[in-house]
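Following: one structure in structure tokens, then a few remarks.
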Amino acid sequence: MARRLFVMLIAAMLLTGGTVSAAEIGLSSVMYPDGKNVDVPLAGTQRAPAAQISARVRYKSGQSTIEVQYKDLPPAVLFGGDYVSYVVWAVSPAGRVENIGGIANADDKGTATYSTAKRDFALMITAEPILTVRNPSDLVVFFSGTPAAKEIKVTAITFDGLQTREDLVTRERESIAGKTYEKGDTPLPLLQAEKAVELMDRFGAKDYDAKTYAEAKEAIAMAREARGQKLRDASNRAIVLSGEALVETFGRRQAEAEAEAEAARAAEVEAERVELTSLAAGLEGDLESTTAALRATEAQLQETEAQLQETEAQLQTTQAELTSVRGNATREISRSRAAAAGIAKQRNALASQLSEGLGQLADASRTEGGYIVSLSGGAFPSGNSALTTDAKYVLAKLSGTLLVFPDMKLSIEGHTDSTGSDEVNLKLSEKRAESVKTFLNEMGVAENRITASGHGSAKPIAPNDTSEGRSKNRRVEIIMTESR
């Protein structure tokens with residue numbers, strides 16, 4: 001699968017215009033006057049063959065006609081690998097390129113005519129594997145200069161859309177200056193057609209465009225048997241058909257890859273949705289279980305309170321009889337005090353039970369005035385004030401406890417270690433305290449019961465010169481006190 005996608009990506013860059021840029025080149029874009037012939041010089045790069053080449057451009061009635069004349073131009077096959085053709089490009093000042101045609105069967109001299117709807121453009125010639133590429137390779141051999149004609153507008157542009165094709169083809173030499181083609185037994189048109197058909201076979205065009213593939217095979221077979229002009233015509237037909245088959249092949253492969261990628265993304269989204277749904281269901285179940293337990297405990301407390309009220313009423317009745325039954329009244333008072341102590345013990349036991357159930361992210365302790373619940377640094381992502389899922393789970397349990405004790409007031413204090421500036425630490429501690437306050441509000445704890453503040457690194461509970469100490473100092477403390 002990975003190799004298939006890699007090959008498809010390279011092929012897509014070859015034919016459909018990928019964005020991997022290997023180099024840039026400076027060009028001169030000319031705004032051609034209407035109805036006039038303009039001679040345009042073509043300069044060779046360091047890779048160019050030692051050829052004479054020039055162009056003449058005429059713009060008229062919304063169409064530019066470009067006539068390219070060349071002499072002593074050796075074929076592109078001399079670069080080696082899969083390079084078989086020259087392609088002529090029109091490049092606009094905005095950097096948009098247009099493949100306006102090729103020089104597939106270069107010989108000693110010749111003339112090729114092209115056309116484009118562009119009026120303001122530069123010319124560039126590159127060596128390519130096939131004639132149907134949509135973006136130029138970095139193997140630039142010629143580019144247009146500034147014409148000598150007067151009253152023309154010239155714009156200097158830098159074109160950075162040249163693409164390296166080394167992953168697809170191997171270039172044997174950087175320049176073919178001074179090289180000549182040894183014809184041998186294989187005519188040049190046939191050699192170029194054979195290369196194009198080879199590329200078509202290499203990328204499996206038969207599986208994607210069987211009709212065009214078969215026509216290209218038929219054309220190459222005819223070219224192998226033909227001579228003269230018939231050989232050239234059949235070779236050109238094989239080259240064109242091979243290019244069409246490759247365009248169709250790479251287009252369909254790209255569509256398949258996009259479909260596979262979309263299916264993979266959909267599967268990931270569905271997996272995340274299922275995971276989140278499961279987590280939400282678990283949290284909801286835990287919350288319902290905790291709420292039910294708290295309600296049961298609340299009912300027990302109400303029953304005990306009722307019993308206490310009944311005992312106090314009995315004490316008041318007994319008080320009137322103290323003169324005659326002091327001994328009995330004393331014993332009754334002792335029993336009532338013991339009952340009150342039992343109630344306080346039950347409250348302490350309940351607080352301890354809830355504290356143990358808050359989880360590893362929280363540490364609860366009792367003070368003289370109430371309770372302190374401390375959320376560790378793991379309740380927030382590093383440098384962030386957003387609560388983690390585990391922290392929300394802990395606070396959800398705590399909110400259930402707070403609903404049972406409506407008179408409890410909460411003071412939420414954010415603290416950090418000494419890492420970072422005081423200003424950043426203070427803002428981060430304030431935001432984290434506000435995050436806890438907001439979540440408890442959302443869980444039903446009244447806002448008028450809660451205050452939130454941040455203290456930055458001003459109140460450490462451990463030394464900041466060790467990682468363990470800094471971890472203890474990164475905390476949010478929830479201080480719960482009973483209102484009087």
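Say whether the condition of being open to solvent by 30 Å² or more (accessible area, probe 1.4 Å), more than 30 Å from residue 295 (Cα to Cα), outside any strand (DSSP E or B) and among the hydrophobic types (A, V, I, L, M, F, W, C) is met by at least one residue in the range 459-474.
Filtering the range 459-474 for residues open to solvent by 30 Å² or more (accessible area, probe 1.4 Å) gives 459-461, 463-468, 470-472, 474.
If we keep only those that are more than 30 Å from residue 295 (Cα to Cα) as well, we get 459-461, 463-468, 470-472, 474.
Right, trim to outside any strand (DSSP E or B) and you get 459-461, 463-468, 470-472, 474.
With the extra rule that they be among the hydrophobic types (A, V, I, L, M, F, W, C), the set shrinks to 461.
Yes.
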Sort through 121, 142 and tell me the only one that's crowded, with 18+ Cβ neighbours inside 10 Å and over 38 Å from the mean Cα position of the chain (by Cα).
142
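Residue by residue, here is whether (1) more than 30 Å from residue 195 (Cα to Cα); (2) in a helix (DSSP H, G or I); (3) open to solvent by 40 Å² or more (accessible area, probe 1.4 Å) holds:
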{"residue": "229", "(1), (2), (3)": "no, yes, yes"}
{"residue": "241", "(1), (2), (3)": "no, yes, no"}
{"residue": "252", "(1), (2), (3)": "no, yes, yes"}
{"residue": "259", "(1), (2), (3)": "yes, yes, yes"}
{"residue": "272", "(1), (2), (3)": "yes, yes, yes"}
{"residue": "282", "(1), (2), (3)": "yes, yes, no"}
Keeping to the range 112-152, report how many residues are among the aliphatic types (A, V, I, L, M) and either without any contact (Cβ under 8 Å) to a residue 40 or more places away in the chain or under 17 Å from residue 41 (Cα atoms) (or both).
10
How about the range 475-484: which of its residues are open to solvent by 30 Å² or more (accessible area, probe 1.4 Å) and aliphatic (A, V, I, L, M)?
479
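Give the residue, chosen from 237, 202, that is touching a residue at least 12 places away in the same chain (Cβ under 8 Å), surrounded by fewer than 22 Cβ atoms within 10 Å (Cβ to Cβ) and under 19 Å from residue 131 (Cα atoms). Quick ask: steps written out before the conclusion?
On the way: 202 fails: touching a residue at least 12 places away in the same chain (Cβ under 8 Å).
Being touching a residue at least 12 places away in the same chain (Cβ under 8 Å), surrounded by fewer than 22 Cβ atoms within 10 Å (Cβ to Cβ) and under 19 Å from residue 131 (Cα atoms) holds for just one of 237, 202, which is 237.
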Hits in the range 416-444 (condition: open to solvent by 50 Å² or more (accessible area, probe 1.4 Å), of a type in the set (A, V, I, L, M, F, W, C) and either outside any helix (DSSP H, G or I) or within 30 Å of residue 287 (Cβ to Cβ) (or both)):
443
Please verify whether residue 218 is open to solvent by 10 Å² or more (accessible area, probe 1.4 Å) and over 18 Å from residue 101 (Cα atoms), treating the condition exactly as stated.
yes
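Among 410, 402, which is the only one that is touching a Ser or Thr at 6+ places or on another chain (Cβ under 8 Å), open to solvent by less than 10 Å² (accessible area, probe 1.4 Å), over 20 Å from residue 458 (Cα atoms) and not β-branched (Val, Ile, Thr)? Break it down stepwise before answering.
On the way: 402 fails: touching a Ser or Thr at 6+ places or on another chain (Cβ under 8 Å).
Only one candidate qualifies: 410.
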What are the residues in the range 384-397 that are of a type outside the set (S, T, N, Q) and closer than 14 Å to residue 476 by Cα, if any?
386, 387, 391, 392, 394, 395
Quick one: how many residues across the range 362-394 are closer than 12 Å to residue 436 by Cβ, surrounded by fewer than 20 Cβ atoms within 10 Å (Cβ to Cβ) and of a type in the set (A, V, I, L, M)?
1
Of everything in the range 86-117 that's in a strand (DSSP E or B), over 21 Å from residue 24 (Cα atoms) and of a type in the set (Gly, Ala, Ser), which residue is most open to solvent (accessible area, probe 1.4 Å)?
115
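For the range 32-62, which residues satisfy the criterion of being open to solvent by 70 Å² or more (accessible area, probe 1.4 Å) and assigned to a strand (DSSP E or B)? Before the answer, list the steps.
Residues of the range 32-62 open to solvent by 70 Å² or more (accessible area, probe 1.4 Å): 34, 36-37, 39, 46, 50, 52, 56, 58, 60-61.
If the condition is that a residue be open to solvent by 70 Å² or more (accessible area, probe 1.4 Å) and assigned to a strand (DSSP E or B), then 34, 37, 39, 52, 56, 58, 60 are the ones that fit.
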Residue 68 fails exactly one of the following numbered conditions: (1) under 18 Å from residue 162 (Cα atoms); (2) at pLDDT 85 or above; (3) β-branched (Val, Ile, Thr). What is the number of that condition?
(1)
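The values are calculated or read from the model by the stated rules, or taken from the named source; none is laboratory data. In this text the structure is predicted, and so the values were computed from the model without any measurement. Don't worry about glycine lacking a Cβ; one is built from the backbone with ideal geometry, like all the others, and counts go over all protein chains shown. Just so you know, the surface numbers come from the protein's heavy atoms only, side chains and all, with ligands and any DNA or RNA stripped out. Shrake-Rupley method; radii C 1.70, N 1.55, O 1.52, S 1.80 Å.
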